[in-house]
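These notes concern the structure reproduced below.
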2 protein chains.
Amino acid sequence: MNDHFSVVGKKVARIDAIDKVTGGAKYAPDLNIRGMLCGALVRSPHPHAKVVSIDATRARSLPGFRAMVTIEELPRVVGYWFLLRSEKKEKDMFLRDNVVRFIGDPVAAVAAEDEETALRAASMIEVTYEPLPSILDPYDALERKDVKIHEKGNTAFHVTKHFGNVEQGFKKADHVVENRFVTSKQKHAPLEPIGTCIADYDAAGKLTVHTSTQLPNWSQIYLARALGLPNNKVRIIKPYTGGAFGGRCGLIHGLEVMCSCLSRKAGKPVRMSFSRSEDFIGTETRHPMTIDIKTGVTKEGILTAISIKILANVGAYSTHTVGVLADCLSTGVGLYRCGNVSFDATAVYTNQSLTGAFRGYGNPQLNFAQESQMDIIARDLGMDPVELRLKNYRGLGEIDPIFVDEIRSDGLRECLSKATEAFGWKGRGSKRRAEGAKKKGVGMAIMLHGTGAAGALPDPASATVMISSDGSVQLVTAASDEGQGNRTALAQIAAEELGVRFDQISVSMPDTDVTPLDGGTHGSRQTYAGGLAAKQAAADAKRKLLAFAAKQLGTSEDDLGIKEGVIFNVGNPSVCVKIGDLMRRVQIGDMSICQQIIGISSGVAPAMPGYYGATFVEVEVDTETGEVRVGKLVGAFDVGKAINPANIEGQITGGAVMGIGWALTEELLLSEGRILNDSFRDYRILRACDVGELIPIIVESHEPTGPFGAKGVGEGTMVGVAPAIASAIYDAIGVRMKELCITPEKILEALDRERGAKNS
Amino acid sequence: MNDHFSVVGKKVARIDAIDKVTGGAKYAPDLNIRGMLCGALVRSPHPHAKVVSIDATRARSLPGFRAMVTIEELPRVVGYWFLLRSEKKEKDMFLRDNVVRFIGDPVAAVAAEDEETALRAASMIEVTYEPLPSILDPYDALERKDVKIHEKGNTAFHVTKHFGNVEQGFKKADHVVENRFVTSKQKHAPLEPIGTCIADYDAAGKLTVHTSTQLPNWSQIYLARALGLPNNKVRIIKPYTGGAFGGRCGLIHGLEVMCSCLSRKAGKPVRMSFSRSEDFIGTETRHPMTIDIKTGVTKEGILTAISIKILANVGAYSTHTVGVLADCLSTGVGLYRCGNVSFDATAVYTNQSLTGAFRGYGNPQLNFAQESQMDIIARDLGMDPVELRLKNYRGLGEIDPIFVDEIRSDGLRECLSKATEAFGWKGRGSKRRAEGAKKKGVGMAIMLHGTGAAGALPDPASATVMISSDGSVQLVTAASDEGQGNRTALAQIAAEELGVRFDQISVSMPDTDVTPLDGGTHGSRQTYAGGLAAKQAAADAKRKLLAFAAKQLGTSEDDLGIKEGVIFNVGNPSVCVKIGDLMRRVQIGDMSICQQIIGISSGVAPAMPGYYGATFVEVEVDTETGEVRVGKLVGAFDVGKAINPANIEGQITGGAVMGIGWALTEELLLSEGRILNDSFRDYRILRACDVGELIPIIVESHEPTGPFGAKGVGEGTMVGVAPAIASAIYDAIGVRMKELCITPEKILEALDRERGAKNS
């Protein structure tokens, strides 16, 4: 299949590679606007309190102080773009009150002539709080009626869904397994801290904001609504970004709105840039969940019923909660064909830091519970866990019950066969019985994740393709690249469709003044949805190009092809013209034409195709220290069509490391609502030396709705890692770890319990 | 006609007005890029010399020195965009040698850490010159064969054109007048000096240049060719600009190419910013011309023959010479219907500073000669000069002999009738015979100028119209605004066509990475050509908008209209929907659509319509001091349709002041090739207190090919001023001034000659 492609499927170097490795790339913290002030936040020291008064007298007297805004003047943006669909719902996005709800919740912001003065001014603002009783535990939030974190109560969202008849399903089961799984409060922790923007509110009332949002167009709309401006009076420009993982999926709490108001008040551009500590304590995290899961299965290993009950800890503000819980159901539970499902999810507010979107959305949490459960079942039935999955997963031609859409591409079997082969799954367990303190074990998990949000959320993608007079091509898109390389993939798709060499195409950066509407970079969607837009815009440009070429070459458009920048008669390739030569004539040479070819596309992707993956890991558990080390990991993912295999290998490897981190080390620790590990010293993301051999495998299944058959991959790569590790740990030491992170302390504790149980 | 327009024809405030008056607008010299170096030029002290060696040893040892480039490494861009049409001609645009040709010609450029160091380093570069004999007078350039300023000789361009039979034409004449007129070397002298750019050559080989060019796309192509880059690897971003008048009509001599190479060498952004003195000595000027004109006329005042011979002094390098001389013929001579015309123009190189495009192109020079000549003829025949013009000008329905195109709109009669009325032309001359030293007189002239360059040069215009989900609109265009207000006019045109309020539309700034191909701002073309593109893109967006509206309202698209942002059934206006409500549904609400409406347009304007104007002036000449003061000036111009009357009044007033300046004070004075008046103290542009009452009159003739009937106006407003003043001076004191500028010294000298002649 690959052979007929010129650009797609190739490991071309990223469009921004040289710029990044040479340090030329400008990230938000590198930006500098003449006359710019610096902003700083005043953050609440209380987990829950009413702000009684804010006295800035001392701060105002500080030389260099320039402006202040407070939460009493400003709305907080606490929804997500689903709410933009109706005016009533839209109002729910904007919270206005004088209550702080977590330690670090912004109360006020100051702008001053330099950063030191801003920080000093912020420290001199005297806020009088009336502390309120706080709730830190989600079960407390459910039960206690005396403390209301939000006016409507402590329940952020509650949803139930039932398919089939669960009771009857369990009756049909030969074996029922019931467990509780608990997941941790993971932080995105990209190398570039979340939360830098420069807001420049000009005298004419136009606001320009440079910010590393994943959703330039939705951020534009949020900000316009929050500030009462028309959309086109807010310009969002996105610079290079040093990682996002969902953490920049909308406006940042306390950042852009505050900064814009400071700029409006000061009449100057204002930059605000969160410190690493502020990134950890003040921005969104993954939703921690407690998941009770009960699974019924026949002795042949066929699932008969699944009952799920989730309690999610939203923290102080709910942004993406609805979507995250929906994802637990759609791709989490939906991975398996089981006809009898009961799903009950509740999300509660607590006085912890806020949660939001995070790579995988709600899928990793549910997948940890469900895939651990499947491993338990396989062991109980004495069945190969791979076989158990193959018997039950929902595959090609089946109907997804949530979106009621057919599965059109399914590479899971190939993922499993290639991964078991590469991993050596057949000879598994041979080392498990090794003597000594260090025990080895193996485990695996599968996953399904959706591409984009077409049909579930407003999810447009658009592109413009402009051809220059030398045949070089500019792809104009608002697709934002946080480091995944999606601008490169989009350029490959457009180049392939148009028939130009990869080095002939450039891609714009998102700038809402000039780049067309895009739903943003989320849900593993850019290669698929952005890629479709790029492909269609290129096809539109190609049609217009061939019309000119046909006239020039005296042939029919239908007889023409384009390859590597040359348009030729397919039947007689010597009849040809270079795009550059043709365009020079059309734009410059023939003064009666002078037309630039502009191809456009805008719309929603036709589907939300699921992509599959399988993760196999080998761990070594030190039974004396409790330390777990991942020795070898094979991740095999079905991407439909690999537009740029190097990018995908990067995703698989990166997702694996993040998955290992979530399983073993990445967890925000709180004491009385205060985050204790707000630095990279205390919050451990894994380094290359912390992980063993990572083997990425790409499987191509051809998704018919996708550009050249492509679908997503980005998020899914981390989804199955934690359950595979937990199962491998069980395989090594015979204890089932049901709570993340799996720290050495928990391992030792579990081993102690196990020994105690055996001895008693 | 006006009544049915909502936005067009209104004096809306400029889109950039608040930004400019509050100081918020960023001009090129305000830009600042982190890590930016400063560049400075080493300029030749010789009018003509060979560069033997360049020794930078001392400069390189200066702390802070970072890079150097010399003319030996770099091509000079010395053509204009006509030459882009063929590869052979294109080569002529790029001159490579080691010869300097005027005092101030760049030899080398240095980049250093700050401006002081850059200037110091430049001063420490030791250039060894071999002085060559120089030519300063254009007649010397014609005659002397021993000195060759360019390899091909001293003739830059020579053209002859003949219509009818001139000899027979003169035979038919009852009266023949023959005179020589000489025009001066005027400088654009915008308030923001010409020549600031920041070049940023990134490590991946992409060059971004912020520069105030009038021609972003052609500058992109020039620079790409000069540096051997594909077009899309050169990004031109144009900031706000403080006036241009043709002085930024392409790359600036020694600026962008040098600066880009410095950036490439230094690996850093480099800013170069010419001083006021460098603006005067080192950038283009108006072509000074000597024009011999012979006119034959019947006793009824009908022109029978015109013979023109021009010698233009190109200076050291020829950029726009071909176009400037063509314009002398097309609109200059072409103003009158005379069937027997002989035109012979030669442009020669001299070792003076270079010339280029300047408001009016070649028209003001020829118009000064021809309109002075017409005044002489009217006096000789005892005829009202207005009547003489009415008898001979080429008007509605006639065929322009140069472009062989019909004149479709002609408001000259209305210009003349309104202007004579406002001026009080009928009672003219009553004050002329006043006693005392101060004599008053009146004079007038007419002019015709072309709009744009469609058919004469590659002259594309493009636009994109994007509608946001709240119904606000973004017009994306590369149309560059030097202060004329054309972005405002384009926004009015798009808003009118689309049916939205003016405050609902925004306009992008030119940025070749994202704005579509545009021929630039020249030839009074933006309201016409750019306006057509904006109108067509808006119409394309409107078509797409109405298709959605028709579905929603259950009507046919043909029944729908749009006004002030509301789409309604024309037959039943209560059936309606706001664009914002519809777009919110289409982009966000209906998740099966999620489409942004993007309207596009690209192409060339259908014509190059001429616009007419008449200028009437009253002067007071002090016969003791020679001082001339313009008391009252009426300028009436036929603009087709006035899109923004305030902008046009600004053009008429500004053109009048520049015309008075050209007539009386604005002239670069040279001694041995050195410009003596390189500051605003010595080069007198006129202030408000220097001019009398200026009365702008707008006449609307409806140009059928233009957007809402509009055509150009910008350049023409200065064209007829000088001959009207010269004629008024004659009217006042009886001496004919045939040489610009008309300084007090020249007046006194002429009066002396006159008295001497009378006394002898």
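The values are calculated or read from the model by the stated rules, or taken from the named source; none is laboratory data. Note that the coordinates shown come from a computational prediction; the quantities given were computed from them, not determined experimentally. Counting neighbours? That spans all protein chains shown, and the Cβs are built from the backbone with ideal geometry, glycine included. Protein only, heavy atoms only, side chains kept; ligands, DNA and RNA dropped before computing areas. Shrake-Rupley method; radii C 1.70, N 1.55, O 1.52, S 1.80 Å.
Condition (residue is open to solvent by less than 30 Å² (accessible area, probe 1.4 Å), of a type in the set (Val, Ile, Thr), part of a helix (DSSP H, G or I) and modelled with pLDDT of 95 or more) applied to the stretch B:326-343: is it met by at least one residue? Checking the stretch B:326-343: not a single residue is open to solvent by less than 30 Å² (accessible area, probe 1.4 Å), of a type in the set (Val, Ile, Thr), part of a helix (DSSP H, G or I) and modelled with pLDDT of 95 or more.
Can you pull out the residues in the stretch B:228-253 that are farther than 17 Å from B:HIS320 by Cβ and part of a loop (DSSP other than H, G, I, E, B)? Break it down stepwise before answering.
The first filter runs over the stretch B:228-253 and keeps only residues farther than 17 Å from B:HIS320 by Cβ, leaving B:228-243.
Result: B:GLY228, B:LEU229, B:PRO230, B:LYS238, B:PRO239, B:THR241, B:GLY242, B:GLY243.
The set of residues from the stretch B:553-563 being over 19 Å from B:PHE5 (Cα atoms) and open to solvent by 80 Å² or more (accessible area, probe 1.4 Å) comprises B:GLU557, B:ASP558. Any residue in the stretch A:535-545 that is more than 27 Å from A:LYS711 (Cβ to Cβ), within 14 Å of chain B (Cβ to nearest Cβ), out of contact with any strand residue (DSSP E or B) (no Cβ under 6 Å at 6 or more places or on another chain) and open to solvent by less than 40 Å² (accessible area, probe 1.4 Å)? Yes, some residue in the stretch A:535-545 is more than 27 Å from A:LYS711 (Cβ to Cβ), within 14 Å of chain B (Cβ to nearest Cβ), out of contact with any strand residue (DSSP E or B) (no Cβ under 6 Å at 6 or more places or on another chain) and open to solvent by less than 40 Å² (accessible area, probe 1.4 Å).
Output the residues belonging to the stretch B:683-700 that are small (Gly, Ala, Ser) and either in contact with a helix residue (DSSP H, G or I) (Cβ under 7 Å, 6 or more places away or on another chain) or open to solvent by 40 Å² or more (accessible area, probe 1.4 Å) (or both).
Applying the first criterion (small (Gly, Ala, Ser)) to the stretch B:683-700 yields B:688, B:692.
Scanning the stretch B:683-700 gives a single hit, B:ALA688.
The conditions of being open to solvent by 70 Å² or more (accessible area, probe 1.4 Å) and more than 28 Å from the chain's Cα centre (by Cα) are met by A:LYS145.
One residue stands out in the stretch A:564-617 among those that are part of a strand (DSSP E or B) and open to solvent by 40 Å² or more (accessible area, probe 1.4 Å): the one that is nearest to the other protein chains (Cβ to nearest Cβ), namely A:LYS578.
Can you tell me which residue within the stretch A:665-697, out of those that are modelled with pLDDT of 95 or more and in contact with a strand residue (DSSP E or B) (Cβ under 6 Å, 6 or more places away or on another chain), is farthest from A:ASN647 (Cα to Cα)? Checking each candidate, the answer is A:LEU668. Summed over the stretch B:653-677, residues that are open to solvent by less than 50 Å² (accessible area, probe 1.4 Å) and more than 22 Å from B:ILE742 (Cβ to Cβ) total 1. In the stretch A:542-564, the residues that are in contact (Cβ under 8 Å) with a residue 24 or more places away in the chain form Cβ pairs under 8 Å with partners that are among the small types (Gly, Ala, Ser) and open to solvent by 20 Å² or more (accessible area, probe 1.4 Å), at six or more places apart or across chains, as follows: A:LYS563/A:SER6; A:GLU564/A:SER6.
Determine if the stretch B:171-183 includes at least one residue that is buried (at least 24 other Cβ atoms within 10 Å of the Cβ), of a type outside the set (A, V, I, L, M, F, W, C) and touching a strand residue (DSSP E or B) at 6+ places or on another chain (Cβ under 9 Å). Taking every residue of the stretch B:171-183 in turn, at least one turns out to be buried (at least 24 other Cβ atoms within 10 Å of the Cβ), of a type outside the set (A, V, I, L, M, F, W, C) and touching a strand residue (DSSP E or B) at 6+ places or on another chain (Cβ under 9 Å). Based on what the data block shows, is B:PHE82 farther than 17 Å from B:GLU256 by Cβ and either among the polar types (S, T, N, Q) or within 14 Å of chain A (Cβ to nearest Cβ) (or both)? Considered against the rule, which asks whether it is farther than 17 Å from B:GLU256 by Cβ and either among the polar types (S, T, N, Q) or within 14 Å of chain A (Cβ to nearest Cβ) (or both), B:PHE82 comes out as yes.
Is there a residue being within 16 Å of A:ASP114 (Cβ to Cβ), within 14 Å of another protein chain (Cβ to nearest Cβ) and touching a Lys or Arg at 6+ places or on another chain (Cβ under 7 Å) anywhere in the stretch A:12-30? Before you say what the answer is, go through the steps one by one.
Initially, the stretch A:12-30 is screened for residues within 16 Å of A:ASP114 (Cβ to Cβ), giving A:29.
Restricting the remaining residues to those that are within 14 Å of another protein chain (Cβ to nearest Cβ) gives A:29.
After this cut, where a residue has to be touching a Lys or Arg at 6+ places or on another chain (Cβ under 7 Å) as well, the list is none.
No: zero hits.
The residues in the stretch A:100-141 that are out of contact with any strand residue (DSSP E or B) (no Cβ under 6 Å at 6 or more places or on another chain) and surrounded by 23 or more Cβ atoms within 10 Å (Cβ to Cβ) can be counted, and the count is 4. Of all residues in the stretch A:153-167, those being over 24 Å from A:GLY315 (Cβ atoms) and among the aliphatic types (A, V, I, L, M) number 1. Of A:THR555, A:THR512, all but one fail to be polar (S, T, N, Q), within 32 Å of the chain's Cα centre (by Cα) and at pLDDT 95 or above; the exception is A:THR512.
Taking the stretch A:491-504 as the search range and keeping residues that are touching a helix residue (DSSP H, G or I) at 6+ places or on another chain (Cβ under 6 Å) and not aliphatic (A, V, I, L, M), which one is surrounded by the fewest Cβ atoms within 10 Å (Cβ to Cβ)?
First pass over the stretch A:491-504, keeping only residues touching a helix residue (DSSP H, G or I) at 6+ places or on another chain (Cβ under 6 Å): A:493-495, A:497-498, A:502.
With not aliphatic (A, V, I, L, M) added as a condition, the list becomes A:497, A:502.
Details: A:GLU497: 25, A:PHE502: 19.
My answer is A:PHE502.
Does B:CYS259 satisfy the condition of being open to solvent by less than 30 Å² (accessible area, probe 1.4 Å), part of a helix (DSSP H, G or I) and at pLDDT 95 or above?
Working: open to solvent by less than 30 Å² (accessible area, probe 1.4 Å): yes; part of a helix (DSSP H, G or I): yes; at pLDDT 95 or above: yes.
Yes.
Selection within the stretch B:87-99: residues that are open to solvent by less than 40 Å² (accessible area, probe 1.4 Å) and closer than 19 Å to B:ALA453 by Cβ. The member of this set that is modelled with the lowest pLDDT is B:GLU90. Quickly run through the stretch B:197-230 and pick out the residues that are in contact with a strand residue (DSSP E or B) (Cβ under 9 Å, 6 or more places away or on another chain), crowded, with 24+ Cβ neighbours inside 10 Å, within 11 Å of another protein chain (Cβ to nearest Cβ) and within 26 Å of B:SER86 (Cα to Cα). Scanning the stretch B:197-230 gives B:ASN217, B:GLN220, B:ILE221. Screening A:ASN759 with (1) within 22 Å of A:GLY613 (Cα to Cα); (2) among the polar types (S, T, N, Q); (3) at pLDDT below 95 gives one miss only, at (1). For B:ILE310, the conditions (1) crowded, with 24+ Cβ neighbours inside 10 Å; (2) over 27 Å from B:LYS171 (Cβ atoms); (3) in contact with a helix residue (DSSP H, G or I) (Cβ under 8 Å, 6 or more places away or on another chain) all hold with the exception of (2).
Which of the residues spanning the stretch A:1-44 are assigned to a helix (DSSP H, G or I) and surrounded by fewer than 20 Cβ atoms within 10 Å (Cβ to Cβ)? Please lay out each step first, then the result.
From the stretch A:1-44, those assigned to a helix (DSSP H, G or I) are A:2-4, A:17-21, A:28-30; that's our starting set.
Selection gives A:ASN2, A:ASP3, A:HIS4, A:ALA17, A:ILE18, A:ASP19, A:LYS20, A:VAL21, A:PRO29, A:ASP30.
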